[in-house]
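*Asks:* Take this structure, written in structure tokens, and hold onto it; I'll ask about it next.
The values are calculated or read from the model by the stated rules, or taken from the named source; none is laboratory data. These numbers were taken from a predicted model, which means no experiment stands behind them. Here Cβ is always computed from backbone atoms with ideal geometry, including for glycine, and neighbour counts include all displayed protein chains. Protein only, heavy atoms only, side chains kept; ligands, DNA and RNA dropped before computing areas. Shrake-Rupley method; radii C 1.70, N 1.55, O 1.52, S 1.80 Å.
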Amino acid sequence: MLAFATTLVASLAYIEFKPKYTKNKILIPLYDYCGLIGNTPILSLASLSHLVTNSIANNRSSRGAAAPFVKVEILAKLEYNNPSRTCKDRVALGMVSSALARISVSSPPSKVTIVEGSSGSTGISLASIIKTMQKSTPFELSFTCVCPSDMSSQKKEMIDRLGGGVVSVEPASISSEQHYVNTARRLADEINNNGDLSHLAIFINQFENQDNPNVHYTTTGPEIITQLERADVKLDAFVVGAGTGGTITGCGRALKEHYCHHVEVVLADPQASVLCNKVRHGIAYVDEVSEQLVRRHRVDTIVEGIGLERVCGVFSSGLEVVDSAEIVTDQEVIFMAGGLLETEGVFVGGSTSVNFVASVRVAKRLALEKLRAGKGGTVTVLTTICDGGERHLSRMWNREFVKTSLNAPPGSSASANFTPGGGGNTSGPSSNKKNPSPAPTSKKANVGTGSGSSSATPGGGGGLTKHQITSRDCMSPTVSRSNRAAAQKANKRIDNIVFDTERVTSSPPSTKNKICRGSG
């Protein structure tokens, strides 16, 4: 009887509180795969913003009580919230749609193969989108991705699981026919020249394809403007890395047109890439890209997806919208990624970590300029989270890989030595292309000069100690308590390396990260 009464009460409670639907009920819109691309939210990183604001406040206190207060707000557009969890879904959809639209309707081929050279993200996006399109095209549609052999195994497996063909080639200079982009072009030409008119190959060529920046100009840029206006936020700088250059040139053009050129567009570049020097000095060269020094990748860095040893057509066509550039070392990438995981709970890949290192530098520079001018207010810097750390488990988030990469022979760009007790500041000074000046050399690290190298401290043994691999140590459940403590202490050194300031001991604000939802 008691059981019956309990069941009856539970049933009545359910009847009382269950949602009541009427004829005027609100329907949740349903989308197909491609309909979910875009309209990504913007995240406010509270802890990181608070830390940089406090570093500016320390500088302000030295100027007296009458000095104005400057607040820093670092925002990130979550481009990895696209369906394939990459920042390339927009351009992949735009480029494929444009390519397929050019196929003759009167005499279409029976088979179409999309071919592209990619270091990962574009390949994943193309494989996903082509998979969804296969049932809606009047021909058999397939995808082949040519990638460098040192690309992370997670990315290769993703493309393979999505039905794409994976062709792996050894890393080579773009001048070599064996370079993955040149190999992709050659494979497409071989299919088109074999005499079989029923089989068409299309080489997407993301590095030269103007559909790439145009997609960002017409979608990503306007989205950012709408989201910030709804949140009543005034943007001061847009900071992002460049692989093809589509995001920085397309979004940069849209933002500058809307804000009447009052927004600074800044390139975030990994070590050994030539793009930083191209922006700063008009010369696309660093020592690391010479044939005898390129060791692991097309540029000598653990970062995948951004940085080039050449200036491609997409980046070159929009170079005028890029105002300045920041170069980021591999060591800074590791520390920032670990710091973001610890303080914000955001698990990112290398290119996103580069974006944040550069964003912090730009935010601090703009805030100090305000302070010196006697002005208060807020400095807002926007970047993008373009990749998640789950696709970098075999490289950037692998302790042994990072140890091997950063323990490179002295003289190479991957060499880094930071003694456990020292700050080891490697932040390269910012430089504006309109008024370029040679970057000063540092006794601790020769970075910021465009070379991207991080030379060992004189007399140091070189290499990376357990105190400097913070991210992997903090994640591993099997690490000893002493190692975990050492890793947490090392994580604090991110402030000295990236922010060039002492650790602020006050606790961050209690407000959680805020999200401005995308339009639509």
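*Asks:* Which members of segment 118-138 meet the condition of being open to solvent by less than 20 Å² (accessible area, probe 1.4 Å) and either closer than 13 Å to Ile202 by Cβ or in a helix (DSSP H, G or I) (or both)?
*Replies:* Listed by number, the residues that qualify are Thr122, Gly123, Ile124, Ser125, Leu126, Ala127, Ser128, Ile129, Ile130.
*Asks:* Here are the criteria: (1) open to solvent by 10 Å² or more (accessible area, probe 1.4 Å); (2) modelled with pLDDT of 95 or more. Tell me which single one Gln292 does not satisfy.
*Replies:* So the condition that Gln292 fails would be (2).
*Asks:* Among the residues of segment 178-202, how many are closer than 15 Å to Glu116 by Cα and free of Cβ contacts under 8 Å to residues at least 40 places away in the same chain?
*Replies:* So the count comes out to 5.
*Asks:* Would you point out the residue of segment 174-195, among those that are assigned to a loop (DSSP other than H, G, I, E, B) and of a type outside the set (Ser, Thr, Tyr), that is modelled with the highest pLDDT?
*Replies:* Asn193
*Asks:* Looking only at segment 335-351, which residues are at pLDDT 90 or above and of a type in the set (Val, Ile, Thr)?
*Replies:* Of everything in segment 335-351, those that are at pLDDT 90 or above and of a type in the set (Val, Ile, Thr) turn out to be Val346, Val348.
*Asks:* On to the next question. Give me a count of the residues in segment 337-352 that are in contact (Cβ under 8 Å) with a residue 40 or more places away in the chain and not in a helix (DSSP H, G or I).
*Replies:* So the count comes out to 5.
*Asks:* Here's something else I'd like to know. Could you tell me whether Ala231 is aliphatic (A, V, I, L, M) and open to solvent by 10 Å² or more (accessible area, probe 1.4 Å)?
*Replies:* Yes.
*Asks:* I've got another one for you. Of the residues that sit in segment 209-225 and are of a type outside the set (A, V, I, L, M) and closer than 12 Å to Lys77 by Cβ, which one is most open to solvent (accessible area, probe 1.4 Å)?
*Replies:* It comes out as Thr219.
*Asks:* Those residues that are of a type in the set (Gly, Ala, Ser), in contact with a Ser or Thr (Cβ under 7 Å, 6 or more places away or on another chain) and surrounded by 21 or more Cβ atoms within 10 Å (Cβ to Cβ), I need them from segment 165-208; list them, please.
*Replies:* Ala201
*Asks:* Is it true that some residue in segment 218-238 is among the hydroxyl-bearing types (Ser, Thr, Tyr) and within 29 Å of Pro138 (Cβ to Cβ)?
*Replies:* Yes, the conditions are met somewhere in segment 218-238.
*Asks:* Now, a different point. Regarding Arg85, is this residue in contact with a strand residue (DSSP E or B) (Cβ under 9 Å, 6 or more places away or on another chain), under 27 Å from Pro222 (Cα atoms) and open to solvent by 50 Å² or more (accessible area, probe 1.4 Å)?
*Replies:* Against the criterion (in contact with a strand residue (DSSP E or B) (Cβ under 9 Å, 6 or more places away or on another chain), under 27 Å from Pro222 (Cα atoms) and open to solvent by 50 Å² or more (accessible area, probe 1.4 Å)), Arg85 qualifies.
*Asks:* Also, quick follow-up: Which of the residues belonging to segment 159-173 are assigned to a loop (DSSP other than H, G, I, E, B) and either out of contact with any Phe, Trp or Tyr (no Cβ under 6 Å at 6 or more places or on another chain) or over 13 Å from Ser142 (Cβ atoms) (or both)?
*Replies:* Hits for segment 159-173 are Leu162, Gly163, Glu170, Pro171, Ala172, Ser173.
*Asks:* Just to be sure before I move on: is Pro109 over 29 Å from Leu308 (Cα atoms), surrounded by fewer than 18 Cβ atoms within 10 Å (Cβ to Cβ), at pLDDT 85 or above and touching a Ser or Thr at 6+ places or on another chain (Cβ under 6 Å) in the structure I sent?
*Replies:* yes
*Asks:* Sort out which residues of segment 234-248 are open to solvent by less than 10 Å² (accessible area, probe 1.4 Å) and of a type in the set (Ser, Thr, Tyr), and write them in order of number.
*Replies:* If the condition is that a residue be open to solvent by less than 10 Å² (accessible area, probe 1.4 Å) and of a type in the set (Ser, Thr, Tyr), then Thr244 is the only one that fits.
*Asks:* Further, regarding this structure: Tell me yes or no: at least one residue of segment 199-221 is closer than 20 Å to Gly123 by Cα, in contact with a His (Cβ under 8 Å, 6 or more places away or on another chain) and either among the acidic types (Asp, Glu) or assigned to a helix (DSSP H, G or I) (or both).
*Replies:* Within segment 199-221 (the criterion being closer than 20 Å to Gly123 by Cα, in contact with a His (Cβ under 8 Å, 6 or more places away or on another chain) and either among the acidic types (Asp, Glu) or assigned to a helix (DSSP H, G or I) (or both)), the answer is no, since none of the residues qualifies.
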